[in-house]
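The numbers here are math on the coordinates, done by the rules we state, and not lab data. Quick caveat: nothing in here was measured; it's all calculated off a predicted structure. We place every Cβ from the backbone using ideal geometry, glycine too, and count neighbours over all the protein chains shown.
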Amino acid sequence: MQMKMAKFLAGVAALAFAAAAQAQVSNDVVKIGVLTDLSGPYADLSGPGSVLAVKMAVEDFGGKVLGKPIEVVAADHQNKGDIAANKAREWFDRDNVDLIIDLVSTSTALAVMKVAKEKNKISIVSGAASTKITNEDCTDTNVHYTYDTRSLAEGTGRAVVKQGGDTWFFLTADYAFGHSLEKDTSEVVTAAGGKVLGSVRHPFPGQDFSSFLLKAQASGAKVIGLANAGTDTQNSIKQAAEFGITPKQKLAGLLIAITDVHSVGLKAAQDLYVTESFYWDRDDASRNWSKKFFDRHKKMPTMVQAGDYSATLHYLNAIKAAGTDDTAKVMEKMRATPVNDFFAKNGKIRADGLHVHDVYLFQVKKPADSKQPWDYYHVVQTVPGEQAFAPLAQSRCALVTK
Amino acid sequence: MIEIFGVPLQGLFGQLLVGLINGSFYAVLSLGLAIIFGLLNIINFTHGAQYMMGAFFAWIGLTKFGLSYWAALVVSPLLVGAIGMAIERTMLRRLYHLDHLYGLLLTFGLALIIEGFFFNEYGSSGQSYDVPDALSGGTNLGFVFLPNYRAWVVVASIAMCLVSWFLIERTRLGAYLRAGTENPKLLQSFGVNVPLLVTLTYGYGVALAAFAGVLAAPVFQASPDMGSKLIIVVFAVVVIGGMGSIMGSIVTGLGLGLIEGLTKVYFPEFSATVIFLIMVIVLLVRPAGLFGRVR
């Protein structure tokens, strides 16, 4: 009898405990919103592939956390800040979304970070690159996960100067992103002992870059830095080859994703230096995951998509470890736990929200060296996280400087 | 070395040549628009999407069916022209008696749908199309390295413009066409099948856009938004040249290419805007455009 009683009590206790644990997940569901460019210029860099990456992370985690289901929703922000902010409000207020992730293009990232802070929910930026995200506009509910313009400049700029490319001319997209990329890279180039001979700013978006390339050619600089992105970069590379500017002068792509290289083809892109925080064929772990991704998406993952996967797992693990989806506690856990997976080794999320991890300098292979589709990069060197990203002491984030 | 406002003369020649190349794209595209506007009174906002389709059909032909560049130069405009004629027969035809705005809205909507379809199918990164072997490499002209393919673009565009001009201004078919522009009812009463003439004209204008698209494929990445980047400029060219004027659009296209090229040398940030500034001035001074007649 006593035995039975004890079992009964234990059962009650277990039930009560389980109920207490479940109460820690708001609305009995953990909902992740992937807010990205599903149909515009960045749809290949992030887009549907990012949605898939987040879904894969949820599947690999088991689909449930603390006994509650995990749901993924997605929407197109069309690269417009106001649309992104409205969607974020709708998701947080009405649909019980706990985390908004991806946020490609800086204007949408900054807008959603602000809404998330106001609603006390979490935002993770994987797609956008501006250093403002963890400086002037930093929030304590945000993580900047994958890359920023500083790390791109540091990787490519320093390495190219070291390899003898000590005179630079910039081809810059004439808007905030291009200007900041040019500025960041100029600083790195000068600090490494190189010299900037000049720059030309082209209207965004452009089509024909040959006039600007001829100017770059006339400057006599050894390196032409491409401070632009997407099809602008692709067309610059293609036309530089067409006009015989490469290989006499070298190109340095300051923001190039593997999908850009895939589009341009190795014939025009060969020998180009590229900095990325992820490449599918870097080691066994990255290969394993990327092959699974490729089977479903028919394209290899970009760094933004891989970052989305890694960040989602890190977030879910933090909920599990914290025993709650409470924003402050999950953020605290995410900062306290180093990231160790196929994407980052010993990655650390700082107080300003910046995820500091190694990035890699690659050189695009020659067509003859590429053995299969998507076999595009040689690894030139690993740039340690502390070197790639700006030190905390230089941060202009109010959370750090106060 | 001789310098003009701080730019070496040799460099300037190179830049002018590049301007001429871009001008030839403007010329072929604005010619198609002008022909369509002249006879149909339709402002064909689908033109950019049809230019993009031309480039994409060439790329699809090469990668899926092994169709050579030279074959694509013929097949792609024919296909896009046929699709254009189907659009004219089923949709545009119903709008001729209405205000210009309706045609503009319909063609703009169609452009968005077509671009959306290609975004969805092929993604946002462009597709690469290699320069055909016969035209690869380049010639060093002393003042600039001219890629052979770019030289071909200028030759092919100007030839196509001249052929079109000859067709319209010097042949019997062209005479019907011009008569149809002036007074379609009277022409019909002479037993000419005007609706068929209109369909063929639209098809021809659209095929010109696709022809420019195939020419552009090896120069620019074939991407779904390549047309929308270009189309606004081309509209400005047509307005400056004079709506519906054949020679006007050809000459203006080439001329504005040169002016844009010069702007890229002296004031690059302004190069996307200069054409619109010229448009404003021309509209103030000559509202019908440089070569246009007041109707």
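Quick rundown of the values:
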| quantity | calculated |
| --- | --- |
| Rounded FRET efficiency, nearest 0.05, which uses the C-beta distance separating A:Phe294 from A:Asp93 and R0 of 30 Å | 0.20 |
| Using a Förster distance of 25 Å, the FRET efficiency for A:Glu386-A:Lys320 (Cβ separation, nearest 0.05) | 0.30 |
| Gaussian network model of chain B, Cα within-10 Å springs - most flexible of B:Thr201, B:Thr63, B:Thr107 | B:Thr63 |
| Anisotropy class of the stretch B:1-73 from Cα gyration tensor, a/c 1.5 cut | oblate |
| The stretch A:109-133-the stretch A:169-235 distance, computed between alpha-carbon centres (Å) | 28 |
| Inter-centroid distance (Cα atoms) of the stretch A:237-305 relative to the stretch A:23-39, Å | 31 |
| Chain B - mean residue ellipticity at 222 nm from DSSP helices (-39,500 (n - 2.57) per run, n ≥ 4, rounded to 500) | -24000 deg cm²/dmol |
| Fraction of antiparallel bridges per DSSP, the protein assembly as shown only, in percent to nearest 5 | 35 |
| Span-rule helices in chain A, defined as complete DSSP H runs reaching 24 Å or more along the axis (Cα) with Kyte mean at least 0.5 | A:2-22 |
| Label-to-label distance, nm, for residues given as B:Leu162 and B:His100 (7 Å Cα→Cβ offset) | 3.2 |
| Centroid-to-centroid separation of the stretch B:98-161 and the stretch B:226-295 [C-alpha atoms, Å] | 18 |
| Loop sites in the stretch A:86-181: GluC sites (Glu not before Pro), DSSP, at most 14 other Cβ within 10 Å | A:Glu136 |
| Inter-chain Cβ neighbour average for residues B:116-126, partner chain, 10 Å | 6 |
| Farthest positive-ward along the protein assembly as shown dipole, Cα basis, beta-carbon charges - from B:Gln15, A:Thr259, A:Thr149 | A:Thr259 |
| The stretch B:155-254 - charge dipole about Cα centre, Lys and Arg +1 at Cβ, Asp and Glu -1, debye rounded to 20 | 180 |
| Peptide B:140-152, shielding by other chains (average Cβ, 10 Å cutoff) | 2 |
| ³J(HN,Hα) computed for each position of the stretch B:50-59 - Karplus, 6.51 cos²θ - 1.76 cosθ + 1.60, integer Hz, glycine/proline x | 6, 4, 4, 4, x, 5, 5, 5, 4, 5 |
| GNM result for chain A, Cα springs below 10 Å: residue of A:Ala53, A:Ala390, A:Ala109 fluctuating most strongly | A:Ala390 |
| Fraction of antiparallel bridges per DSSP, chain A only, in percent to nearest 5 | 30 |
| Size of electric dipole in the stretch A:234-294: Cβ of Lys, Arg +1 and of Asp, Glu -1, about Cα centre, debye, nearest 20 | 100 |
| Free-standing Cys, the protein assembly as shown [no other Cys Cβ under 4.7 Å] | B:Cys161 |
| Distance (nanometres) between label positions extended 7 Å along Cα→Cβ at B:Tyr266 and A:His378 | 4.6 |
| B:Trp70-B:Leu284 pseudo-label distance in nm [points 7 Å out on the Cα-to-Cβ vector] | 5.2 |
| Residue with peak Gaussian network fluctuation, chain B [Cα springs, cutoff 10 Å], from B:Trp59, B:Trp152, B:Trp70 | B:Trp70 |
| Label zone at A:Glu136, where the point sits 7 Å out along the Cα-to-Cβ direction: the stretch A:377-395 residues whose backbone N lies under 18 Å | A:390, A:394-395 |
| CD proxy at 222 nm, helix term only [per DSSP H run n ≥ 4: -39500 (n - 2.57); per residue of chain A; nearest 500] | -14000 deg cm²/dmol |
| Under-5 Å amide H pairs with A:Thr167, H placed in peptide plane, nonlocal only | A:Lys195, A:Lys222, A:Val223 |
| Potential lengthening between A:Glu332 and A:Asp82 on full extension [0.36 nm per residue; Cα-Cα distance subtracted] | 87.1 nm |
| Dipole moment magnitude, nearest 20 debye, the stretch A:101-200 about Cα centre, only Lys, Arg, Asp, Glu C-beta charged | 120 |
| Two-site FRET efficiency, B:Thr90 against B:Ala151, from Cβ-Cβ distance with R₀ of 51 Å, rounded to 0.05 | 0.80 |
| Links that overshoot a 31 Å alpha carbon limit, given the list A:Lys55/A:Lys117; A:Lys222/A:Lys348; A:Lys114/A:Lys348; A:Lys132/A:Lys365; A:Lys222/A:Lys291; A:Lys183/A:Lys291 | A:Lys222/A:Lys348; A:Lys132/A:Lys365; A:Lys222/A:Lys291; A:Lys183/A:Lys291 |
